[in-house]
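Everything on this sheet refers to the single structure shown next.
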Amino acid sequence: MNSFLHSLKNPAHRARCRATFTALAAAALLAACGGGSDDAEPAVPTAANQLYTQTNLSTNTVVHLARNADGTLTLRNSVATGGAGTNTGADPLVSQNSLIVTPDRRTLFTVNAASNSVSAFAIDPATGDLSLLAHNATTGTFPVSLAYKEGLLYVLFQGSQTVQAYAVKNGVLGTSLGSYNIIGAGPKPTQITLSPQGDYLTVSAGTVSNELVAFPVGTDGRLGTALASAADVQSPFAGVFVNATTFLSTSAGIHALQALRFSAGGFTAINTPLVGDAAGVPCWLVVTPDGRYAYTGNGGSGSISAYRIASDGSLTLLNAQAANEGIAVAGDSWISTDGKFLYTAYLAAGQVLAYAIQADGSLTKVGAPAVVTTGNTMQGLAGI
């Protein structure tokens, strides 16, 4: 020990010790962060500040808009899907999530309702521009809503009233993992969405059956036996998971938003539905990334209603008309990942409007509308 302590007085030896310690510390830090001897290149971050919608014209296209720092929008370009839209409006698909971006921000999927197909696009990591990967035929009728999970794509078909599951790679639909009927008499399904853990796929069975349905998702992506809601949800149109156990659903039939508790047993009500804009029909729904505020897009009146979400999932109406532009059908909406801006597609006008979300949940319109189509066929909205 004495000889070791004596050696520390040697400047050269101290320098070697410092170098060794530094190297060991760096190696430990790399290991803790997942680094080390792996030769893999780090993932290239996808360009942020992009927004996408589909025209739903006979020759369907996806329109790409750039989101500026102040929230305003600039039209960039459009790319054909290879499929056909319905070329009718407003809101011919009667759905939410007809166009989605995968969580890794690398792929965009959109339905082509008139040609019963699904198109996939690669998102350029530098510019956000799209390039068509595949135009996929399906065996269902009238696809209207999509959900994605780790190489699996789920497609909701309003015409055949089924959900179909597919393995997907590089945008190409591969092995079919089954076609699943939606329980309930005469449903008109409007949306599918996955739970935060991806272990359940929920279906808003729509304006006829008044059913919310949850399918357990197996480890292979196949769906199990469906669970029906124990709560009375009048005309559920769109739903969003706030967290693993709290689910919000629009109740179009009673002009309201409803908070539900979700578990392996299905859905139960947290509180009574809260009426928003009584003159409107709340259909579309988005929730801020922090889970504090919810906004419904209302058909008829064209307004947007704002709600506060409590920690227990209960709701408070903030403003029945947080925004009202006097344009019919405030439809598909998307909130930026930083929670600063809400974007809403006004389907009857072919326009997308931007709103700044204030600290109290109120909305302030930003800039002029971005005109996407000259008609009223536009559907879907998703961004990065």
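The values are calculated or read from the model by the stated rules, or taken from the named source; none is laboratory data. Bear in mind the structure is a predicted one, so any value in this text is a computation, not a measurement. So basically every Cβ, Gly included, is an ideal-geometry build from the backbone, and we count neighbours across all protein chains shown.
Computed quantities for the displayed model
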quantity: Failed item, numbered, when Ser195 is tested on (1) touching a residue at least 24 places away in the same chain (Cβ under 8 Å); (2) over 15 Å from Gly266 (Cα atoms); calculated: (2)
quantity: Unmet criterion (only one of (1) surrounded by fewer than 20 Cβ atoms within 10 Å (Cβ to Cβ); (2) modelled with pLDDT of 95 or more; (3) touching a strand residue (DSSP E or B) at 6+ places or on another chain (Cβ under 8 Å); (4) more than 26 Å from Ser179 (Cα to Cα)) for Ala269; calculated: (2)
quantity: The stretch 53-73 - residue that is hydrophobic (A, V, I, L, M, F, W, C) and touching a residue at least 24 places away in the same chain (Cβ under 8 Å) and, of those, surrounded by the fewest Cβ atoms within 10 Å (Cβ to Cβ); calculated: Ala66
quantity: Subset of the stretch 173-220 (residues that are among the aromatic types (Phe, Trp, Tyr) and either exposed (fewer than 15 other Cβ atoms within 10 Å of the Cβ) or farther than 12 Å from Val155 by Cα (or both)); calculated: Tyr200, Phe215
quantity: Residues satisfying the stated conditions in the stretch 333-346, i.e. of a type outside the set (Phe, Trp, Tyr) and either modelled with pLDDT under 95 or assigned to a strand (DSSP E or B) (or both); calculated: Ser333, Ile335, Leu342, Thr344, Ala345
quantity: Checklist (1) surrounded by 18 or more Cβ atoms within 10 Å (Cβ to Cβ); (2) farther than 30 Å from Ser251 by Cα; (3) of a type in the set (Asp, Glu) applied to Asp91, failing item; calculated: (2)
quantity: Tally of residues being assigned to a strand (DSSP E or B), over 29 Å from Thr107 (Cβ atoms) and either outside the structural domain of Leu75 (by TED's automatic domain parsing) or not aliphatic (A, V, I, L, M) (or both) across the stretch 347-366; calculated: 2
quantity: Breaking point among (1) among the small types (Gly, Ala, Ser); (2) at pLDDT 95 or above; (3) more than 21 Å from the chain's Cα centre (by Cα), for Ala330; calculated: (3)
quantity: Residue that is surrounded by the fewest Cβ atoms within 10 Å (Cβ to Cβ) [pool: residues in the stretch 233-265 that are modelled with pLDDT of 95 or more and hydroxyl-bearing (Ser, Thr, Tyr)]; calculated: Thr245
quantity: Checklist (1) more than 20 Å from Tyr180 (Cβ to Cβ); (2) in contact with a strand residue (DSSP E or B) (Cβ under 7 Å, 6 or more places away or on another chain); (3) surrounded by 14 or more Cβ atoms within 10 Å (Cβ to Cβ) applied to Ala279, failing item; calculated: (2)
quantity: Residue list for the stretch 338-360, restricted to those being of a type in the set (S, T, N, Q) and touching a Pro at 6+ places or on another chain (Cβ under 6 Å); calculated: Gln351
quantity: Evaluation of Trp284 against (1) at pLDDT 95 or above; (2) among the hydrophobic types (A, V, I, L, M, F, W, C); (3) crowded, with 23+ Cβ neighbours inside 10 Å; (4) farther than 30 Å from Asp70 by Cβ (one fails), failing number; calculated: (4)
quantity: Test for Ile304: is it under 21 Å from Asp91 (Cα atoms), modelled with pLDDT under 95 and in the same structural domain as Ser235 (by TED's automatic domain parsing); calculated: no
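Table: residues versus (1) within 21 Å of Asp332 (Cβ to Cβ); (2) touching a residue at least 24 places away in the same chain (Cβ under 8 Å); (3) among the acidic types (Asp, Glu).
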residue	(1), (2), (3)
Ala113	yes, yes, no
Thr141	no, yes, no
Gly174	no, no, no
Asp199	no, no, yes
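Every residue, every condition in (1) part of a loop (DSSP other than H, G, I, E, B); (2) at positive phi, yes or no:
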site: Thr59; (1), (2): yes, no
site: Val62; (1), (2): no, no
site: Ala66; (1), (2): no, no
site: Asp70; (1), (2): yes, no
site: Val79; (1), (2): no, no
site: Asp91; (1), (2): yes, yes
site: Asn97; (1), (2): yes, yes
site: Ile100; (1), (2): no, no
site: Pro103; (1), (2): yes, no
